[in-house]
Amino acid sequence: MDLYAASMFGESPLTRAEREMLAVVVSARNACNYCLEHHSTALNHYWNNEDRVRKLAADFRSAGLSSKEVSLCALAEMTAVDPSKCGGVIAEVRALGVSDREIHDAVNVAAYFNYVNRIVLSLGVDLESEGPGGYKY
């Protein structure tokens with residue numbers, strides 16, 4: 001929980017919305033419905049656009065993101081698909097002017113959700129019957 005709190009709420013050049021965006025991309029890629037639902041709800045708190053959040057989960061390239069956001073999502077997705085190939089994506093992200101700290105924090109968030117998605121999926125954690133609501137932002 002300390003790593004979660006630091007990753008999602010700690011000091012970072014990434015906004016809270018950007019971190020939730022990365023959580024959605026990784027959780028969608030890993031087909032982790034529990035995390036996808038919770039973090040889609042959290043992201044919608046910032047975006048206030050459910051259609052855009054759904055598009056992000058389906059294909060982040062279709063969600064009307066900035067070039068920086070697309071590159072960060074590509075990095076997050078690569079951590080789920082083949083982390084050994086992140087170097088090429090990092091070079092592309094860096095070419096857009098994204099700082100090393102932003103890259104580090106994005107990889108940390110993505111890696112954390114890859115880890116948690118696997119725990120949730122392995123243990124068969126189901127979404128609460130009342131849905132993901134109830135979290136206070």
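The values are calculated or read from the model by the stated rules, or taken from the named source; none is laboratory data. These numbers come from a predicted model, not from an experiment. Note: ideal-geometry Cβ built from the backbone for every residue, glycine included; neighbour counts use all protein chains shown.
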*Using beta carbons and a limit of 6 Å, which pairs, at least six apart or on different chains, have the first residue in region 52-69 and over 19 Å from Ala91 (Cα atoms) and touching a residue at least 24 places away in the same chain (Cβ under 8 Å) and the second one part of a helix (DSSP H, G or I) and β-branched (Val, Ile, Thr)?*
Leu56/Val24; Ala57/Val24; Phe60/Val25
_Residue list for region 56-67, filter: in a helix (DSSP H, G or I), among the hydrophobic types (A, V, I, L, M, F, W, C) and either over 13 Å from Val26 (Cβ atoms) or in contact with a strand residue (DSSP E or B) (Cβ under 8 Å, 6 or more places away or on another chain) (or both)_ = Ala58
*asked:* If I filter region 71-80 for residues that are surrounded by fewer than 13 Cβ atoms within 10 Å (Cβ to Cβ), touching a residue at least 24 places away in the same chain (Cβ under 8 Å) and not hydroxyl-bearing (Ser, Thr, Tyr), do I get at least one hit?
replied: no
_Cβ contacts < 6 Å: first residue free of Cβ contacts under 8 Å to residues at least 60 places away in the same chain, restricted to region 93-107; second residue of a type in the set (S, T, N, Q) and assigned to a helix (DSSP H, G or I), any location; separation 6+ or different chain. Result?_
Val93/Ser71; Leu96/Ser67; Leu96/Ser71
*List the number of the failed condition for Val53; all other conditions in (1) under 17 Å from Asn114 (Cβ atoms); (2) in a helix (DSSP H, G or I) hold.*
(1)
*How about region 68-103: which of its residues are out of contact with any Pro (no Cβ under 9 Å at 6 or more places or on another chain), farther than 24 Å from Leu36 by Cβ and part of a helix (DSSP H, G or I)?*
Ser84, Gly87, Gly88, Ile90, Ala91, Glu92, Arg94, Ala95, Asp100
*Based on what the data block shows, is Leu121 of a type outside the set (Gly, Ala, Ser), part of a helix (DSSP H, G or I), surrounded by 12 or more Cβ atoms within 10 Å (Cβ to Cβ) and touching a residue at least 24 places away in the same chain (Cβ under 8 Å)?*
yes
*Are there any pairs, at least 6 apart or on different chains, whose C-beta atoms fall under 7 Å, with the first in region 10-32 and surrounded by fewer than 24 Cβ atoms within 10 Å (Cβ to Cβ) and the second modelled with pLDDT of 95 or more and assigned to a loop (DSSP other than H, G, I, E, B), and if so, which?*
Pro13/Ser99
*asked:* Conditions first: (1) crowded, with 17+ Cβ neighbours inside 10 Å; (2) at pLDDT below 95; (3) not basic (Lys, Arg). Ala111 passes all but one, so which condition is the exception?
replied: (2)
